[in-house]
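Heads up, the thing below is written out as structure tokens.
The values are calculated or read from the model by the stated rules, or taken from the named source; none is laboratory data. These numbers come from a predicted model, not from an experiment. FYI the Cβ positions are ideal-geometry reconstructions off the backbone, even for glycines, and counts take in every protein chain you see. Only protein heavy atoms, including side chains, enter the accessible area calculation; ligands, DNA and RNA are left aside. Shrake-Rupley method; radii C 1.70, N 1.55, O 1.52, S 1.80 Å.
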Amino acid sequence: MKVALLCLLLSPLAALLGQENLNLTIHPETGYYKGRYTYAQQALHLDVESIIDLKRLKIQAKVNKLSFSSFSYTDSRYLGLYTFLPAQSWRSISFQQPTYAVSLMSRAGEQTAIEVRAGSFSTLYQLALQDVHTEDLALVWDDHLIGRNLIVRYRSDAERAFWSVEGLWGEFRSLAISTTAGIRLGSITFQSSSNSPAFVRNLEVGVDVLKQRFSLHFGCSSTLGRPPIHGGQSQTMQTVLHTRFAYKGLSGEYTQEFLVDALSEKSRKIELELLYSGPKLQAGMVFSSDSHPRLLVDSTMARLSFQPSSISAMFVFQRRSGSVSLRFHPKKGLTITYSLNITTDQHNESPPRA
């Protein structure tokens, strides 16, 4: 609740200079309290958050984002651009200009990296991990690049074709090159990728048809995993067929997945989703090969999910100045969330009426 008091003290100043928002979330049953305050002005943006968990006796306060002029700080920046770098969340301090950007990033106090982006080029230099022991290498190998590494990536995207190439130079790795190339021929898109930590080759084909009230997408992907490194394993293979259509308020998705895992076990998964969307209501059915059918009903005030073995529901009472939501889950029980939004600027001296 300390952050709420701080936000209220800052409110008069923020109201004169910019726009602010205060959001308070309370879970009475679990003793979970969350306060989030955001402030935006032409050159300054601030996002702070405080969490109190009485059940775990835990208090946490942090700055989610702070930006001023060309400089910015982000507590959680998701980085999934590079093929050889596992998609992770980083703390990032950046200096941005129209033609380039430089970022200093860190992750969990273990990794530090420097990234430079300029046009179609992007480069990331990762420093060595700290406090890594020999017995830990097998645990961290899949989530980190051990040692110092340099990644250089270039992507070209034209109207008819696109391609990218990425190179990795590592302290404990030989030179590795990953490539992606694709073409667009009207409604058909073909893409081929090779050499990544997860697969040797990946092929994708997509067809999109767009009309005034009708849309259709069909996609097929085939992925061949990397060769086994331990005895008794096999090379994995995955094939996914995906179809999606929409006509007026009716839409549907059909996905079929074939998988051969590292133990040569074969499996197939099928999922079908049919939905009807109206002005104020969305309803439909979800059929899956590994679970019971599920009925979904979603409106502006309620969201319900029915299965033969369980029922989950959420009811939302929305107002301009905030909302109250009731959530019921078979395992988590009932949760009540209160949300209060206060938005003021130099043109509004008080919050809008409910």
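Sorted from greatest to least, the principal axis extents spanned by the alpha carbons of the range 27-106 come out as 50, 37, 15 Å.
Given R0 = 51 Å, the distance between the Cβ atoms of Met301 and Ala128 translates into a calculated FRET efficiency of 0.45.
Residues within the reach of a label modelled at Val205 (point 7 angstrom out along Cα to beta-carbon, backbone nitrogen below 18 Å), restricted to the range 171-192, are 181-192. In loop segments of the range 254-348 as defined by DSSP, the trypsin sites (Lys or Arg not before Pro) with at most 13 further C-beta atoms inside 10 Å of their C-beta are Lys280, Arg320, Lys331, Lys332. Accessible surface comparison of Leu340, Leu224, probe 1.4 Å, protein chains only, largest first: the order is Leu340, Leu224.
Residues in the range 243-249 carry Karplus couplings, in order, of 10, 9, 9, 8, 9, 6, x Hz; the curve used is 6.51 cos²θ - 1.76 cosθ + 1.60 with θ = phi - 60°, and Gly or Pro positions show x. Legend: calculated FRET efficiency, Met237 to Gln212, from the Cβ-Cβ distance at R0 = 41 Å, rounded to 0.05, equals 0.55.
Segment Tyr247..Ile188, full-extension length gain: 19.2 nm, with 0.36 nm per residue of separation and the alpha-carbon distance subtracted.
Per-residue 3J(HN,Hα) values for the range 54-63, derived from phi via the Karplus relation 6.51 cos²θ - 1.76 cosθ + 1.60 with θ = phi - 60°, read 5, 5, 9, 6, 10, 10, 9, 9, 7, 9 Hz in sequence order (x marks Gly and Pro). Using the Cβ of His242 as centre and a radius below 13 Å, the other residues enclosed give a net charge of -4, where K and R count +1 and D and E count -1. Each residue of the range 267-274 was assigned a 3J(HN,Hα) from its phi angle through the Karplus expression (A = 6.51, B = -1.76, C = 1.60, θ = phi - 60°), giving 8, 9, 10, 10, 9, 10, 10, 10 Hz with x at Gly and Pro. Sparse packing (at most 14 other Cβ atoms within 10 Å of the Cβ) combined with a DSSP loop state is found for the following trypsin sites (Lys or Arg not before Pro) in the range 146-179: Arg148, Arg160.
Legend: distances between Cα atoms for Lys34/Lys331; Lys65/Lys248; Lys211/Lys266; Lys280/Lys331; Lys34/Lys280; pairs beyond 32 Å are Lys65/Lys248; Lys211/Lys266.
The stretch between Ala313 and Tyr276 holds 11.4 nm of extra length on full extension. This uses 0.36 nm per residue minus the Cα-Cα distance.
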